[in-house]
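Before any comments, here is the structure.
Here, each number is a calculation from the coordinates, and none is a lab measurement. As the structure is a prediction and not an experimental result, all values here were calculated from the model. Cβ placement follows ideal geometry from the backbone for every residue including glycine, while neighbour counts extend to all protein chains displayed.
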Amino acid sequence: MGKIIKINAEKPEREKIQEAVAVLKRGGLVIFPTDTVYGLGASIRFPRAMRRIYRIKKRSSKKPLVLLVGFKKETGKFADKISNEMRKLVKKLWPGPLTLVVTSKKYGTIALRMPDHRIALGLIRGAGPLAATSANISGKRENIRIKGIEKRLLREVDLSIDGGEATLGMVSTVADVTSRPFKVIRKGCIGEEELRKAIKG
């Protein structure tokens with residue numbers, strides 16, 4: 001079993017967050033809690049680490065990873081064009097369980113999210129944007145507690161964080177905002193009507 005550390009989700013211990021950030025900064029993989037489910041992430045600065053995620057999860061290379069950012073303003077670094085719809089969704093529903101698929105000059109299209117979880121944000125803000133996915137073997141159900149994660153996955157990563165139960169216990173809603181109107185491509189925590197209200201309001 002790889003190393004597992006406990007971190008207080010309400011008041012994350014700074015030295016423990018720094019320990020996990022150090023792992024990410026040297027190209028390691030970390031399992032961590034988010035507001036939705038437990039995630040598995042790597043710094044986007046290490047393509048080899050991102051490839052490891054695909055390998056240990058047995059994930060299809062055709063399925064892109066989500067890019068987790070620590071600040072709303074970082075959308076401008078990755079999105080080629082920020083539409084009015086996207087701007088309103090980010091303003092009203094981030095941080096939160098909403099993943100936005102946007103056009104990107106570097107990636108073609110990319111999925112962006114800013115999680116509403118102190119541990120996750122501590123890691124992202126410390127190590128920079130993370131390429132992430134749910135902490136489970138592909139095809140298996142997502143996990144809301146560390147104890148539900150497959151032991152093989154826990155052995156393969158460099159560090160796992162036990163931050164208690166994921167707050168919402170359900171995957172994020174994925175909305176494609178590359179064209180108007182937006183299109184929900186995965187149902188999750190936020191309903192389509194709530195998205196429409198955010199845009200209208």
Report summary line: The answer for the per residue Cα convex hull volume of the range 72-123, in Å³, is 75
Report summary line: Quick calc of log₁₀ I(q)/I(0), the range 4-200, Debye, one scatterer on every Cα, no solvent, q values 0.14, 0.18 1/Å, result -0.75, -1.25
Query raised in the report: Restricting to the range 94-179, what percent of DSSP beta bridges are antiparallel, rounded to 5?
Result: 55
Query raised in the report: Amide H to amide H under 5 Å from D176: which residues, 5+ apart in sequence or cross-chain, H placed 1.01 Å off N in plane?
Result: V101, K183, V184, I185
Report summary line: For R155, placing the label point 7 angstrom along Cα-to-beta-carbon and taking the range 54-69, residues whose amide nitrogen sits under 19 Å are 54-59
Query - Value of relative contact order over the range 142-201, rounded to a whole percent, pairs C-alpha under 8 Å and six or more apart - result: 25
Query raised in the report: What is the local net charge at G188, summed over the other residues whose Cβ is closer than 15 Å to its Cβ (Lys, Arg +1; Asp, Glu -1)?
Result: -2
Requested in this report: Treat each spin label as a single point 7 Å out from the Cα along the C-beta direction, and report the K147 to R186 distance in nm.
Outcome: 2.7
Report task. Can you tell me the order of 172-179, 58-65, 76-83, 116-123 when each peptide is scored by its average per-residue count of other Cβ atoms within 10 angstrom, highest first? Result -> 116-123, 172-179, 76-83, 58-65
Requested in this report: Name the long-range amide H neighbours of E150: under 5 Å, sequence gap of 5 or more, or other chain; modelled H, no Pro or chain starts.
Outcome: I137
Query raised in the report: Please state the relative contact order of the range 4-200 as a whole percent: Cα pairs under 8 Å, 6+ residues apart?
Result: 32
Requested in this report: Can you tell me how much longer the chain between R196 and K77 gets when fully stretched, taken as 0.36 nm per residue apart minus their C-alpha distance, in nm with one decimal?
Outcome: 40.3 nm
Query raised in the report: What's the center-to-center distance, using Cα atoms, between the range 53-120 and the range 176-201 in Å?
Result: 14
Query - the chain - share of DSSP beta bridges that are antiparallel (%, nearest 5) - result: 60
